[in-house]
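Readers should treat all values here as calculations from the given coordinates under stated rules, not as data from a laboratory. A quick note: this is a predicted structure, and the numbers were derived from the prediction, not measured. Every residue, glycine as well, gets a Cβ built from its backbone with ideal geometry; the counts of neighbours run over all protein chains shown.
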């Protein structure tokens, strides 16, 4: 389970990339107990848990540029539109963004002219069931459950599901290479998803 974006220039996804991504997510789905040899050290577990908690806090505080700084240059942010693990080469997604698209999204959200976010969506992120699979010295895969309570105007909406992350150690800190947001009801019509999950 290597990083799906290894050896690719930032923002470039080829067919082999999607194949690796699909294979990796199927491995996440089929995973049973984590083998003893892949259980990370308490130090790595603490570092990764702190990163996920920081990410949630930055999103809730709408500190999006700081949030994006948690991501690698060759990152992907993926919200599939299905609840099974389908081939991303032939299945539509709610979102599939590279770093450049995330930068554009944040610029738009902070411009004051993102009409789908006027008023802005307020969020509270809860994460639980964090499972860390240690792959090698520089890459870990992380699964967790999430619930996001949202408020926009007078409308409240809960969102829940699970996330899959690939993290890579760069310059002595963990960076997010992949964030896959698996909505519990992704196969149903979604209301405004223009805020950041």
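Structure notes:
- Neighbour-count order for 38, 179, 154, fewest beta carbons within 10 angstrom listed first: 154, 38, 179
- Proxy reagent accessibility, fewest Cβ within 10 Å first, across 144, 160, 75: 160, 144, 75
- Extents of segment 85-197, taken as max minus min of Cα coordinates on every principal axis and listed largest first, are 46, 31, 29 Å.
- Residue exposure sequence - 151, 178 - by fewest surrounding Cβ within 10 Å: 151, 178
- Computed over the chain, relative contact order equals 23 percent, with contacts defined as Cα pairs under 8 Å that lie 6+ residues apart.
- Kirkwood Rh and Cα Rg combined as Rg over Rh, evaluated for segment 133-197: 1.09
- A straight line joining the Cα centroids of segment 116-180 and segment 27-80 runs 7 Å.
- As computed over segment 81-150, the Cα convex hull volume per residue (Å³): 167
- Taken over segment 18-127, the alpha-carbon convex hull comes to 149 cubic angstrom per residue.
- Radius of gyration and maximum dimension Dmax of the chain, Cα, Å: 16.4, 51
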